[in-house]
1. Which length gain, in nm to one decimal place, applies between residue 46 and residue 64 when the Cα-Cα distance is subtracted from 0.36 nm times their residue separation?
2. Compute the acute angle (0 to 90°) between the alpha-carbon long axis of helix 11-29 and the principal axis of greatest extent of the alpha-carbon atoms of the chain; round to the nearest 10°.
3. How large is the translational diffusion coefficient of the chain in µm² per second when you combine the Kirkwood radius over alpha carbon pairs with Stokes-Einstein at 10 °C and 1.306 mPa s?
4. How large is the helix-only mean residue ellipticity at 222 nm for the chain, computed as the sum of -39500 (n - 2.57) over DSSP H runs with n ≥ 4, divided by its residue count, in deg cm²/dmol to the nearest 500?
5. Each label point is 7 Å from the Cα along the Cα-to-Cβ direction; what then is the distance between the points at residue 149 and residue 26, in nm?
6. Restricting attention to the alpha-carbon atoms of region 139-256, what are Rg (one decimal) and Dmax (integer), both in Å?
7. Determine the percent antiparallel among the DSSP beta bridges restricted to the chain, to the nearest 5.
8. Would you mind calculating the gained length between residue 217 and residue 253 on full extension (0.36 nm times residue separation, minus the Cα-Cα distance), in nm to one decimal?
Amino acid sequence: MNMNGPVAISRRERLQICVEIAARLHEVFGEKIAAIGVYGSVSRGTDGPFSDIEMFCVLKESSEPVDYSYEWSTGPWKAEVNVLSADVLLKNASTVEGQWPLTHGPFFSPLSLYDPDGFFSTLRKAAESPAREDFKNAINEVLVGEMCEFIGKLRNASRNGPHTYLPYLAMQFAESGAMLIGLHNQRLFSTGSMVLPESLQLPNRPAGFDDVARLVMSGDLAEPAKVVSVCEAFWSGLVDWAGEHGYVLISNRIPF
């Protein structure tokens with residue numbers, strides 16, 4: 001048995017494993033299955049030699065919603081199968097939250113292995129259904145729930161230490177900033193590894209974001225004063241950006 005993690009396998013081999021997993025799902029769930037599909041890098045055709053397998057097994061709607069995952073490794077390869085009832089998956093697809101630019105790609109282009117009634121077409125329509133207001137609400141939540149918290153932590157670490165916390169906070173600033181830009185433009189990122197470079201290609205970026213993103217991508221995070229200065233500049237740009245686009249970053253009243 002291989003105990004050293006993933007080994008290189010071809011795309012053809014990986015797709016054959018997907019077919020074998022689908023066959024096993026049919027054995028286990030039978031007529032309950034509405035659709036089976038592959039998502040992630042395998043569905044996009046960008047999987048590398050060590051990529052894992054990610055799949056949907058969609059069950060027909062029933063009285064009890066279903067939402068759980070099987071995740072396992074054989075040693076040479078790893079797989080995850082999300083088993084969800086159709087209503088749960090459609091609701092997930094139509095919901096906008098802070099990580100939407102990264103999490104919702106699978107709903108738009110799964111590779112179908114079994115879809116007799118065209119469920120994946122319905123799934124895409126659900127993913128396309130959110131209104132601009134839904135994106136605005138998600139942006140407000142990221143601004144207040146994450147960015148306000150990060151700037152407070154940054155200032156605490158800058159004044160009281162530990163300075164070793166600052167590189168992590170810079171990465172959080174960069175990633176959450178990228179999510180805000182993706183949400184604002186209603187654009188998806190292709191994969192986690194491309195969040196920062198792809199966000200730099202989108203319009204209407206807050207002032208200071210580019211410097212934070214490039215600092216993080218360079219890995220040049222050892223100088224505390226530089227990290228603090230770049231993150232503070234981005235925060236100032238974010239405040240202006242929120243006001244310019246009508247997002248709620250600061251409120252003068254308690255919301256209850």
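The values are calculated or read from the model by the stated rules, or taken from the named source; none is laboratory data. This one's a predicted model, so the numbers in the text were calculated from it and none came from an experiment. Positions of Cβ are backbone-derived with ideal geometry, glycine not excepted, and every protein chain shown enters the neighbour counts. Keep in mind that these areas ignore ligands, DNA and RNA; they rest on the heavy atoms of the full protein, side chains included. Shrake-Rupley method; radii C 1.70, N 1.55, O 1.52, S 1.80 Å.
1. On the way: separation 18, 0.36 × 18 = 6.48 nm, distance 3.59 nm.
Separation in residues times 0.36 nm, less the Cα-Cα distance, equals 2.9 nm.
2. 70 degrees
3. Numbers: Rh = 20.4 Å.
In µm²/s, the coefficient is 78.
4. Values: 11 runs with 125 residues, N = 256.
After summing the helix terms and dividing by residue count, I get -15000 deg cm²/dmol.
5. Going from the residue 149 label point to the residue 26 one covers 4.5 nm.
6. That works out to 14.0, 43 Å for Rg and Dmax.
7. Values: 16 of 23 bridges.
Of the beta bridges lying entirely in the chain, close to 70 percent run antiparallel.
8. Details: separation 36, 0.36 × 36 = 12.96 nm, distance 3.81 nm.
Contour length minus Cα-Cα distance gives 9.2 nm.
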